[in-house]
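First up is the structure itself, then whatever we jot down about it.
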DNA sequence: GTCTATATCTCGATAGAC
DNA sequence: GTCTATCGAGATATAGAC
């Protein structure tokens, strides 16, 4: 099936982007990782840009679905929030999407930039809705949701800097400690 | 003086690294930004790597000094913490140091990686000391300091994604709101 | 110490056979 | 749809005059 090779290329690109970002990932690396022949990439995608768009948009969809699985559901708001913040993460690897905010290839392209912006906009809306369930005003819920997402993004940065997954856990503990006592 | 040209090159590299990172910054760009002739770079630095080390280490020193200026001093601990968290930042530009945790050139080099790790280690120690002044246990102070630094790093990511400096302010408001009510 | 010229490599992309 | 071969551009680095 034609979409097999295409999907394989997208999957390899997603892996490599998580390791090195988009700008630093070459078409040749994608071909080697995927085991697909050289000409095939430019048969399925007109350029590196279109492959990047397909791979980033798939990563964004998957990440949003995972967040919604934690944040929606039957449990009380406090538990859903804790589930989102404490979900197992490969913290040393860094955030596949957050890291793209420093990627020159992504930030130079309006479509890719909007994909990243849209991910965080929707994530902040979801987290904010949970805080509003707890009776917070729109503004306070927004600020607290932004803080919660920043804890995760900052946790990734600190874990990656220290090469230690405990930095993420420490940041989440610090934040949940402040939340939990009220 | 011989260090003039060298300093000019380091300053140009610091600017470019803040805009595009180390991996994506070419020696040619550094020369153009600095106004220095082509051969001069390789007279003052054996390779791109040594220039990067000099520029990153200078950026780290400056950033640590700025943090210490906020966190030390006569004011009460709560005010010093707020001063650090609320200091005016060019949030859309992103963190000059935090972004390096996603930079392939930096992360592939042990010296540069250690420079970045050392920055966050020392920053976390400084912020943690302020929380300990407030009577928190070592562990709780550590967790709260990690959360505070994660708020700033995450605030940078969110501001950059949205191209909106208010994301940083919102994250800090959300965090200080939780801190302030106790 | 600084200049121009250039070597060598890899990148993103294309050509054209099969 | 996939292959090998290769192009033009730009990256890092060096040579050698001044």
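The values are calculated or read from the model by the stated rules, or taken from the named source; none is laboratory data. Model, not experiment: these values are computed from the prediction. Note that we place each Cβ from the backbone using ideal geometry, even for glycine, and neighbour counts take in every protein chain shown.
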- line: Of the conditions (1) surrounded by fewer than 15 Cβ atoms within 10 Å (Cβ to Cβ); (2) within 16 Å of DNA strand C (Cβ to nearest atom); (3) in contact (Cβ under 8 Å) with a residue 40 or more places away in the chain, the single one that residue A:68 does not satisfy is (2)
- prompt: When residue B:73 is evaluated against the numbered criteria (1) exposed (fewer than 12 other Cβ atoms within 10 Å of the Cβ); (2) within 11 Å of DNA strand D (Cβ to nearest atom); (3) at pLDDT below 95, which criterion, by number, is the only one it fails?
  reply: (2)
message: Can you tell me which residue is farthest from DNA strand D (Cβ to nearest atom) among those in the stretch A:22-44 that are closer than 20 Å to residue A:100 by Cα and away from chain B (no Cβ under 14 Å)?
response: A:30
field: Residue satisfying condition, being facing chain A (nearest Cβ under 10 Å) and assigned to a helix (DSSP H, G or I), within set B:140, B:164, B:125
entry: B:140
- prompt: Hey, among B:12, B:55, B:24, which residue is modelled with pLDDT of 95 or more and away from DNA strand C (no atom under 15 Å from the Cβ)?
  reply: B:55
message: Any residue that is surrounded by 13 or more Cβ atoms within 10 Å (Cβ to Cβ), within 16 Å of DNA strand D (Cβ to nearest atom), without any contact (Cβ under 8 Å) to a residue 24 or more places away in the chain and on the phi < 0 side of the Ramachandran plot - is there at least one of those in the stretch A:118-125?
response: no
- line: Of the residues in the stretch A:88-103 that are at the interface with chain B (Cβ under 10 Å from one of its Cβ atoms) and not in a helix (DSSP H, G or I), the one that is nearest to residue A:160 (Cα to Cα) is A:94
- prompt: Would you call residue A:58 touching a helix residue (DSSP H, G or I) at 6+ places or on another chain (Cβ under 7 Å), within 15 Å of DNA strand D (Cβ to nearest atom) and within 22 Å of residue A:99 (Cα to Cα)?
  reply: no
- request: Any residue in the stretch B:134-145 that's more than 15 Å from residue B:123 (Cα to Cα): show its pairings with residues that are modelled with pLDDT under 95 at Cβ separation under 8 Å, as long as the two are six or more apart or on different chains.
  value: none
message: As an exercise: evaluate residue A:153 against (1) crowded, with 24+ Cβ neighbours inside 10 Å; (2) over 16 Å from residue B:151 (Cα atoms) and give the number of the one condition it does not meet.
response: (2)
